[in-house]
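Worksheet: one structure, shown below.
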Amino acid sequence: MDKLTIRDIDLKEKKVLVRCDFNVPLDANLNITDDTRIQASIPTIKYIEESKAKKIILMSHLGRPDGKVLEKARLVPVSKRLSEILKEPVLQLKDCIGEEIKKEINNSKERVILLENLRFHAEEEENNPEFAKQLASLADIFVNDAFGTAHRAHASTEGVTHYLPSVAGFLLGKEIKYLGSVVTNPKKPFMVILGGAKVSDKIAIIGNLLNKASDIIIGGGMSYTFLKSLGQNIGKSKLEADKVDIAKKILEDAKKVNVNIHLPVDHIVSDKVDAAAIARTVEKIGDDDIALDIGPKTVKNFEAVLKNAATIVWNGPLGLFEIEQFAKGSKEIAEFISKTGATTIIGGGDTAAAILKFGLADKMTHISTGGGASLEFLEGKKLPGVEALTEKRS
């Protein structure tokens, strides 16, 4: 998957349209509570500036306004934060298409311009060709740097590529590099850690990586469906009853290809799920127990598997890390893999949130910015926003 990047194209005196992922969390007063996604776009924006581009036109969605203008979903907080980080004014526009917008861009003193929320127009998610053409008409070159939306064929990710030379930004390029190498040719021994609540979210990943992985470690809520398939009592722990047979088949398929699947052997349990829960360590789960984290023996077992890894991919926490009593398993494994010397690739969403919470983000090789997109990439699916970019000529 060799796509052109912003390093492969002349940006001088060009108007550059950049798809960013500024879908950041806001509090009740519309203050940004986590600016990670904005920070992640800065290297691409600065490179375009240094390449002497005429204008940098940024576009993003925020929330789910479903084609309606919602005051609470305006991108004003984003433009303010961008301006602070870049230490220069950012022009915030009231819409993202139209002759008036074109005029404002052409007449602006500011080099960095932020269009209004793309999803105020239903045509964005419909990948409407006319809407895509109007976005494309604002610029000379399109840069996609929004991996979090690359699995969606929207007007601002796939549609615009039909009308402009289209390249990857640094963030998208990094995702393609790390996740792509895992899917095609990972350095071995290659270990996969899977957690999170549902087996159903991870079936396709297991299917795709079973012939590539040396070992697969399974924890989190999904592990109890696997333990149930082995006839173990899981009490009141998370169970996808309709996936027990699939879990059993995965274990059988792994044996056939000599891939070891490692499951928890002890558990941190409680009788309720809240911050006041009293945690206990058990090897056998009782009828009224809810298992909420992996136990210390399991941590040791998993570490023994991971210590020789060359590549580790982790998607899904190993316990309910949001509650302190049930965060230890995920934290200890995160600390351990950060010291192994392996290439460590963290899937997006909850796993990334856990790594940030533990203060280990800078110790990992790559943390994916896209939850759903990283899942689909690891499943071996083609992502429309990536596929649509211009190929390098060999």
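The values are calculated or read from the model by the stated rules, or taken from the named source; none is laboratory data. Only a predicted model underlies this, so the values are computations on that prediction, with no experimental measurement involved. Note that we place each Cβ from the backbone using ideal geometry, even for glycine, and neighbour counts take in every protein chain shown. All accessible areas refer to the heavy atoms of the entire protein, side chains included, with ligands and DNA or RNA removed. Shrake-Rupley method; radii C 1.70, N 1.55, O 1.52, S 1.80 Å.
Can you tell me which of Tyr178, Tyr163 is of a type in the set (Phe, Trp, Tyr) and within 15 Å of the chain's Cα centre (by Cα)? Just one listed residue meets the conditions, Tyr178.
Considering each of Ala153, Ala204, Ala146 in turn, give the residue that is modelled with pLDDT under 95, touching a Cys at 6+ places or on another chain (Cβ under 6 Å) and open to solvent by less than 60 Å² (accessible area, probe 1.4 Å).
Exactly one residue qualifies, and that residue is Ala146.
Only one of these is farther than 17 Å from Lys3 by Cβ, charged (D, E, K, R) and touching a residue at least 60 places away in the same chain (Cβ under 8 Å): Arg119, Arg111. Name it.
Selected residue: Arg111, the only one of Arg119, Arg111 that is farther than 17 Å from Lys3 by Cβ, charged (D, E, K, R) and touching a residue at least 60 places away in the same chain (Cβ under 8 Å).
Taking (1) touching a strand residue (DSSP E or B) at 6+ places or on another chain (Cβ under 8 Å); (2) farther than 29 Å from Ala342 by Cβ; (3) part of a loop (DSSP other than H, G, I, E, B); (4) open to solvent by less than 10 Å² (accessible area, probe 1.4 Å) in turn, Leu164 satisfies each apart from (4). Out of all the residues in the range 242-260, which are free of Cβ contacts under 8 Å to residues at least 12 places away in the same chain and outside any loop (DSSP other than H, G, I, E, B)? Of everything in the range 242-260, those that are free of Cβ contacts under 8 Å to residues at least 12 places away in the same chain and outside any loop (DSSP other than H, G, I, E, B) turn out to be Asp242, Lys249, Glu252, Lys255, Lys256. Could you please let me know if Lys177 is in a loop (DSSP other than H, G, I, E, B), open to solvent by 10 Å² or more (accessible area, probe 1.4 Å) and under 17 Å from Gly380 (Cα atoms)? Spelling it out, it is not the case that Lys177 is in a loop (DSSP other than H, G, I, E, B), open to solvent by 10 Å² or more (accessible area, probe 1.4 Å) and under 17 Å from Gly380 (Cα atoms). Can you name the residue in the range 291-344 that is β-branched (Val, Ile, Thr) and part of a helix (DSSP H, G or I) and, of all such residues, is surrounded by the fewest Cβ atoms within 10 Å (Cβ to Cβ)? Only one residue fits best here, namely Val305.
Within the range 23-48, being touching a strand residue (DSSP E or B) at 6+ places or on another chain (Cβ under 8 Å) and open to solvent by 30 Å² or more (accessible area, probe 1.4 Å) holds for Pro25, Leu26, Ile32, Thr33. Counting just the residues of the range 49-67 that are at negative phi, open to solvent by 50 Å² or more (accessible area, probe 1.4 Å) and modelled with pLDDT of 95 or more, which one comes out nearest to the chain's Cα centre (by Cα)? By that ranking, first place goes to Glu50. Checked against (1) without any contact (Cβ under 8 Å) to a residue 60 or more places away in the chain; (2) in contact with a helix residue (DSSP H, G or I) (Cβ under 9 Å, 6 or more places away or on another chain), Ala353 meets all criteria but (2). None of Val259, Val282, Val313 is over 22 Å from Ser200 (Cβ atoms) and either touching a Gly at 6+ places or on another chain (Cβ under 7 Å) or among the β-branched types (Val, Ile, Thr) (or both) except Val282.
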